[in-house]
Amino acid sequence: MQMVGGGRTPRQRRVTDAAIEIIATDGLRGLTHRAVDMEAGLPAGSTSSCFRTRLALLGGVLDRLVELDEAVLEQLPTTGWDSRSIEHRERLVELLAELLTYWLGPARSRTRARLELYLDAARRPELADALHAANRRFLDRASAAMGASGVPVPEETARLLLAGLDGVLYDALARPFLGGDHPARLRRAVQAAVDGAVPRT
C-alpha cells in the first residue's frame, strides 16, 4: 500500500475525498465504488480503476486523511515553548483549541470519517500496518514537541495528550446536544486535556 506522498494521482485524490464525505455522511456501510463515483461526479467504474477492491479504497482513504491532517499540523510550531511557563501553556491551549475548532468546523466531515475508519481499520489485519504508521506519524510529531518543551517523558505525555484531544473530538461529534464544540466549552476541554497530560515540570 502506498503511504502518504507516494504519488497519488489527482483522480485518486478526488476519489478518496469523495469517499471521505460518504463515510462521514453514511458511515462505512454506505461506502461502495458506485457511491464514490456518484459523489465524485465521475463516470461509472472510475473508482474501481483507481482502487480495485474495497480494502484498497479504505487504504487510500486512510492515506488521504493522514495527508490532509499532516498539512494542517505542519503549520503548528513544534518548538519554542516551555511546559513550565504559564504563558506558553496558555498559548499551547489556544493553538490546540484552534486546531480542534477547525477539525469540528470546516474539516468536520474529515474528522468523522477518521474516527470511523480508524476503528474499522483496527479490526482489519490487512490495514494494521497502515494504521500503525498513521498513528506513529502523529505520535512522533507530538512527542518531538513535548521533548522540545522540556517534558521528561515526551512520548508517554504525547500519547496521553492525543488520547485526550481525540476524546474531546469524539464527545463533540457523538454528543452534539451537549455543545462540546461551543468555543468556551471546547477551550475548557482542551485545557483539561493539556493539564492532565503535560506535567508542570
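Excluding Arg200 itself, what net charge comes from residues whose Cβ is under 9 Å from its Cβ, given Lys and Arg +1 and Asp and Glu -1?
Summing Lys and Arg as +1 and Asp and Glu as -1 gives +1.
To the nearest 10 degrees, how steeply does helix 108-121 sit against the main Cα axis of the chain, on a 0 to 90 scale?
For helix 108-121, the angle is close to 80 degrees.
Eigenvalues of the Cα gyration tensor times 5, then square-rooted: what semi-axes does that give for the stretch 65-201, in whole angstrom, largest first?
Equivalent ellipsoid semi-axes, largest first: 24, 20, 13 Å.
What number, in nm² with one decimal, is the all-direction average of the projected area of the convex hull of the alpha-carbon atoms of the stretch 1-153?
The directionally averaged projection comes out at 9.8 nm².
Could you give the length gained by full extension between Leu139 and Glu67, i.e. 0.36 nm per residue of separation minus their alpha carbon distance, to one decimal place?
24.4 nm
What FRET efficiency do you get for Arg34 and Ala128 if R0 is 22 Å and r is their Cβ-Cβ distance, rounded to the nearest 0.05?
It comes out at approximately 0.20.
What length, rounded to one decimal in nm, is gained on full extension from Ala44 through to Arg11, with 0.36 nm per residue of separation minus their alpha-carbon distance?
Taking Ala44 through Arg11 to full extension adds about 10.5 nm, to one decimal.
For the stretch 1-98, with only Lys/Arg (+1) and Asp/Glu (-1) charged at the beta-carbon, what is the dipole magnitude about the Cα centre, in debye rounded to 20?
620
At 222 nm, what value in deg cm²/dmol follows for the chain if DSSP H runs of at least 4 each add -39500 (n - 2.57) and the sum is divided by all its residues, to the nearest 500?
Result for the chain: -23000 deg cm²/dmol, rounded to the nearest 500.
With a cut-off of at most 13 other beta carbons within 10 Å, and DSSP calling the residue loop, which trypsin sites (Lys or Arg not before Pro) in the stretch 109-156 qualify? Please list them.
Sparse-neighbourhood loop trypsin sites (Lys or Arg not before Pro): Arg123.
Counting only other residues whose beta carbon sits under 11 Å from that of Leu161, what net charge do I get with K and R as +1, D and E as -1?
Counting the neighbours of Leu161, the net charge comes to -3.
Per residue, how much accessible area does the stretch 40-128 show when a 1.4 Å probe rolls over the protein heavy atoms, in square angstrom?
With the other protein chains kept in place, the stretch 40-128 gives 48 Å² per residue.
Treating only the Cβ atoms of Lys and Arg (+1) and Asp and Glu (-1) as charged, compute the dipole magnitude of the chain about its Cα centre; round to the nearest 20 debye.
380
Stokes-Einstein at 37 °C, 0.692 mPa s, Kirkwood radius from Cα pairs: D for the stretch 76-119 in µm² s⁻¹?
Value of D from the Cα-based Kirkwood radius: 275 µm²/s.
I'd like the distance separating the alpha-carbon centroids of the stretch 130-201 and the stretch 24-93, in whole Å.
18
The values are calculated or read from the model by the stated rules, or taken from the named source; none is laboratory data. Predicted model, so just to flag it, every value in this text is computed and none were measured. Cβ coordinates were reconstructed from backbone atoms using ideal geometry, including for glycine residues, and neighbour counts include every protein chain displayed. With ligands, DNA and RNA removed, areas are computed over all heavy atoms of the protein, side chains included. Shrake-Rupley method; radii C 1.70, N 1.55, O 1.52, S 1.80 Å.
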